[in-house]
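Scroll down for the structure; my scribbles are underneath it.
Quick note: the coordinates plus some simple rules give every number you see, no bench work behind them. Nothing here was measured: the structure is a model prediction, and the numbers come from that model. Cβ atoms come from the backbone with ideal geometry, glycine included; neighbour counts cover every protein chain shown.
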Amino acid sequence: MSVIPVRQAVTTFTPPSPRAQLYWQPVSYILMAVWCLLCLSTASADTVWLKNGDKISGTLGVKLANKLTMKTSYADEIKINWHEIDRIDADHAVLMQLADGSIVKGQLRYTEAGQVILDEDSNTPLVDTALDEIRYINPSRDLIGEGYVWTGNLSLGGALNSGNSTNRNLQFNGESVLRGLEDRYTVQGFYYWAEDSGEQTQNNGRVRGQYDRFFSKKWYGYVNTVQEKDRFRDIRLRSTYSLGNGYQFYEGDKRNLSLEGGLSFIRQDYLQAADESHVALRWAVNYNQYLFEHFMQAFHRHEVLVTPRNPSQVLLYSSTGLRFPFIFGLSASTQVDYNYDSRPVDDRRKGDTRALFTLGYSWK
């Protein structure tokens, strides 16, 4: 039997030149830092165990009411029913409000003794708690009485035609809401102007400012004022001052509904007719809701003022429409406004209807 000799391969290592070392050394440090960050981000994760034995890993989001949001790498953001959670282990500190109203920031961990909140720096226990004693996780500052949340929208529309007919119009409306834990400030208004062949055909505006003070989660008292002008209804300035109570049926990012009732004092300063003032009964509804997973927002609000005198006067202001959000807060909206006065000056029309198509911006 013949043996075939095998030639061994000898590998020699040639050290890099000093110039190459100067180039590759900082690059290697950067690559090592990126690798460490990737390892840390992969290893660090919050874990939620459900009562049925399932486990969900990701990052704790917000716990409001009976829902906990969880940000995951495989399903974006998911919502978990709070009563279906057995225990939670959080690798990073979260802000929490407990059932007694206290505010705690720490790591929510599960031990043999049950849920515990650990100090972020010393890793020592701060509070022993149960899941049903946690009211909020990562709440907005207004929910814990430490600030305000500002939301609102502005819409603008207009047209300019020239040629055989010349007309121009401008439409503007908006709302701004500043919400705290126990109070809310609202400013809402509109202005409409139109001109046809050099002659004004529309010039009216309305501004409402309101302050709400919440006595409980649902009930609140309010004071407001409305300033309105309408040249073509002979109204130089109609000033309304109101107070009463309201009930907040729903309040959240997806749906809002409130009902108000109270008394109003109305002072009407006319351009030509005699001025007058009187007391009226007031009620109002404010509703908005996102539909089809935030594809569009339906909204409706109306305010009714009834003067109990002979003859009585009824004032109605209503706005109903749809808002279609785009990106970066931009939106398009279509709405119908209807104003009604049962006692117009000089037998003018009792009702005015406007159809509006505007572009706008919303923030929250």
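At-a-glance table
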item: Efficiency of FRET between residue 199 and residue 332 - r from beta-carbon atoms, R0 30 angstrom, step 0.05; result: 0.50
item: Cβ-derived FRET efficiency at R0 35 Å, residue 100 paired with residue 293, nearest 0.05; result: 0.45
item: Whole-Hz ³J(HN,Hα) from phi, Karplus 6.51 cos²θ - 1.76 cosθ + 1.60, for segment 254-271, glycine and proline x; result: 9, 8, 9, 8, 9, 10, 10, x, x, 10, 9, 10, 10, 10, 10, 9, 8, 6
item: Cα-based helix-to-principal-axis angle, 18-43 vs the chain, degrees rounded to 10; result: 60
item: Size of the chain as Cα extents on the principal axes (Å, biggest first); result: 125, 63, 42
item: MRE, 222 nm, helices only [DSSP H, n ≥ 4, -39500 (n - 2.57), over the chain, to nearest 500]; result: -2500 deg cm²/dmol
item: Extent along principal axes [Cα atoms of segment 45-139; Å; largest to smallest]; result: 32, 24, 22
item: R0 of 51 Å, Cβ-Cβ distance residue 169-residue 119: FRET efficiency to nearest 0.05; result: 0.25
item: Inter-site label distance for residue 91 and residue 234 at 7 Å from Cα along Cβ, in nm; result: 7.5
item: Cα shape, segment 149-363, gyration tensor, a/c 1.5 rule; result: oblate
